[in-house]
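Engineer: Once you've had a glance at the structure underneath, I'll fire off some questions.
The values are calculated or read from the model by the stated rules, or taken from the named source; none is laboratory data. Because the structure is a prediction, the values reported are computed rather than measured. So basically every Cβ, Gly included, is an ideal-geometry build from the backbone, and we count neighbours across all protein chains shown.
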Amino acid sequence: MLTIQFLCPLPNGLHARPAWELKEQCSQWQSEITFINHRQNAKADAKSSLALIGTGTLFNDSCSLNISGSDEEQARRVLEEYIQVRFIDSDSVQPTQAELTAHPLPRSLSRLNPDLLYGNVLASGVGVGTLTLLQSDSLDSYRAIPASAQDSTLLEHSLATLAEQLNQQLRERDGESKTILSAHLSLIQDDEFAGNIRHLMAEQHQGLGAAIISNMEQICAKLSASASDYLRERVSDIRDISEQLLHITWPELKPRNNLVLEKPTILVAEDLTPSQFLSLDLKNLAGMILEKTGRTSHTLILARASAIPVLSGLPLDAIARYAGQPAVLDAQCGVLAINPNDAVSGYYQVAQTLADKRQKQQAQAAAQLAYSRDNKRIDIAANIGTALEAPGAFANGAGRRWAVSYRNALYGSRQRAGRAGTV
């Protein structure tokens, strides 16, 4: 047996995406590979994403891979290089505090006396639309379905169908969406995920619906107990794939009120799973208010990648009475402006026009080469944490002129909006 000793380099711990990538690296070898977290005294099959996630591995934990089998020498060489060089790139970087801090409300806006609710900024930006509530679905009807002789066959069919659907989406998506969908596909194809459902049906005589829900609850309970915020927020991913499995198995019980966005909408929900987000028409998604979503949830990562502003910290019951009313979600200042009057609406229109103009100028500048005053060519690099940040850095001019940060563009413009003559 050969062993690779290392400290976990992942800032967010061993969550779904790095677990999937590590599993993929280990699965190409015939040898048996065991992952050990020495702090937790936890062992896991390194070829199982779910088992890896279940170790509760955090940044800087002492870990090892034990490799035993016919190709252990080659496996150790390749896996050691992966752990030392590329493993960290499978993680995602948490947003910096500067990105998450709300700006003070500009005096030019305060003077207009808007009707405001204050929240926490999760994804910056400004959106204008109609407040629309999305109620959480109950799973009680699935849990009540009695066991049947066809349950095992139904499970295999539903797992295969969900895998096919995820593979189809993978062919159509790119960027963060593709990464998250790959992690979901890995979870449903994990032997431990389906194996525990089979165990619950065989040993506890649960029906398929109840077994899927029990499996979901067991995994979510383990993740919820983690010391890592990032791992706790993977609960939404487990709930996501479990609910999709239920909907595929019993399509007649799937809620009929699938949200169709026909006009600019500010969506208000307790939480939103990644698949629910991806099913929305993003052209009409002006913003989101999510009561329970954390700063590192996959839904929030998708929202940031799609430039959708998001607030949290606003209870649903505080917003419910405003459903159907127009609003401005200002995730620069961390406020929701309810039913804005003409002056407030005009302020935001001017601010957005100025921000768009500035962003266009910055995009044009980012495409140019950099030269000093004495006409010397200058190469400018971006400071990034992992490879996941590289596409954005290149798009904003890294390697050509500079890496532009847009997050303060609207705020800078809004300071001038009150001086533009209309508000």
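Engineer: Go through segment 153-169 and count every residue that is among the polar types (S, T, N, Q) and closer than 9 Å to Ile248 by Cβ. So that I can check it myself, show each step before the final result.
Structural biologist: Our first condition is that a residue be among the polar types (S, T, N, Q); within segment 153-169, this holds for 153, 158, 161, 165, 167-169.
From what's left, closer than 9 Å to Ile248 by Cβ: 158, 161, 165.
Within segment 153-169, residues that are among the polar types (S, T, N, Q) and closer than 9 Å to Ile248 by Cβ number 3.
Engineer: In this structure, is Ile145 outside any helix (DSSP H, G or I), modelled with pLDDT of 95 or more and more than 23 Å from the chain's Cα centre (by Cα)?
Structural biologist: Working: outside any helix (DSSP H, G or I): yes; modelled with pLDDT of 95 or more: yes; more than 23 Å from the chain's Cα centre (by Cα): yes.
Spelling it out, Ile145 is indeed outside any helix (DSSP H, G or I), modelled with pLDDT of 95 or more and more than 23 Å from the chain's Cα centre (by Cα).
Engineer: Return only the number of the condition from (1) over 15 Å from Ser186 (Cβ atoms); (2) in contact with a Ser or Thr (Cβ under 7 Å, 6 or more places away or on another chain) that Arg17 does not satisfy.
Structural biologist: Exception for Arg17: condition (1).
Engineer: For segment 27-72, enumerate the residues that are in contact with a Leu (Cβ under 7 Å, 6 or more places away or on another chain) and assigned to a helix (DSSP H, G or I).
Structural biologist: The answer is Ser49, Leu50, Leu52, Ile53, Glu72.
Engineer: Can you run down the residue pairs with Cβ atoms below 6 Å, 6 or more apart or on separate chains, where the first is in segment 1-19 and buried (at least 19 other Cβ atoms within 10 Å of the Cβ) and the partner is assigned to a loop (DSSP other than H, G, I, E, B) and charged (D, E, K, R)?
Structural biologist: Cβ pairs passing all conditions: Cys8/Asp61; Leu10/Asp91; Asn12/Asp91; His15/Arg234; Ala16/Arg234; Pro18/Asp91.
Engineer: Let me ask something else about it. Could you pull out the residue among Ala318, Ala355 that is surrounded by 18 or more Cβ atoms within 10 Å (Cβ to Cβ) and over 25 Å from His184 (Cβ atoms)?
Structural biologist: So the residue among Ala318, Ala355 that is surrounded by 18 or more Cβ atoms within 10 Å (Cβ to Cβ) and over 25 Å from His184 (Cβ atoms) is Ala355.
Engineer: Further question on the same structure: Out of all the residues in segment 57-100, which are at pLDDT below 95, among the hydroxyl-bearing types (Ser, Thr, Tyr) and surrounded by 15 or more Cβ atoms within 10 Å (Cβ to Cβ)?
Structural biologist: Within segment 57-100, Thr57, Ser90, Ser92 qualify.
Engineer: Quick one: in segment 148-166, which of the residues that are free of Cβ contacts under 8 Å to residues at least 40 places away in the same chain and assigned to a loop (DSSP other than H, G, I, E, B) is nearest to Ala305 (Cα to Cα)?
Structural biologist: So the residue we want is Gln150.
Engineer: OK, next. Identify, please: which residue in segment 249-274 is in contact (Cβ under 8 Å) with a residue 40 or more places away in the chain and not in a loop (DSSP other than H, G, I, E, B) and is, among those, surrounded by the most Cβ atoms within 10 Å (Cβ to Cβ)?
Structural biologist: Top of the filtered list is Leu267.
Engineer: Continuing with the same structure: Report yes if some residue within segment 367-379 is under 25 Å from Ala305 (Cβ atoms) and at pLDDT below 80; otherwise report no.
Structural biologist: Looking for residues that are under 25 Å from Ala305 (Cβ atoms) and at pLDDT below 80, one finds at least one in segment 367-379, hence yes.
Engineer: Can we say Leu122 is in a helix (DSSP H, G or I), within 24 Å of the chain's Cα centre (by Cα) and either of a type in the set (Lys, Arg) or modelled with pLDDT under 95 (or both)?
Structural biologist: Spelling it out, it is not the case that Leu122 is in a helix (DSSP H, G or I), within 24 Å of the chain's Cα centre (by Cα) and either of a type in the set (Lys, Arg) or modelled with pLDDT under 95 (or both).
Engineer: Given the conditions (1) in contact with a Leu (Cβ under 6 Å, 6 or more places away or on another chain); (2) at pLDDT 90 or above; (3) under 22 Å from Ala305 (Cβ atoms), report the number of the one that Leu117 does not fulfil.
Structural biologist: The one condition Leu117 does not meet is (3).
Engineer: For segment 189-230, what are the residues that are among the hydrophobic types (A, V, I, L, M, F, W, C), surrounded by fewer than 20 Cβ atoms within 10 Å (Cβ to Cβ) and either closer than 27 Å to Arg304 by Cα or touching a Cys at 6+ places or on another chain (Cβ under 6 Å) (or both)?
Structural biologist: Matches in segment 189-230: Cys220, Ala225, Ala227.
Engineer: Another question about this same structure. Which of (1) in contact (Cβ under 8 Å) with a residue 40 or more places away in the chain; (2) more than 23 Å from Asn167 (Cβ to Cβ) is the odd one out, the single condition Asp240 does not satisfy?
Structural biologist: Every listed condition holds for Asp240 apart from (2).
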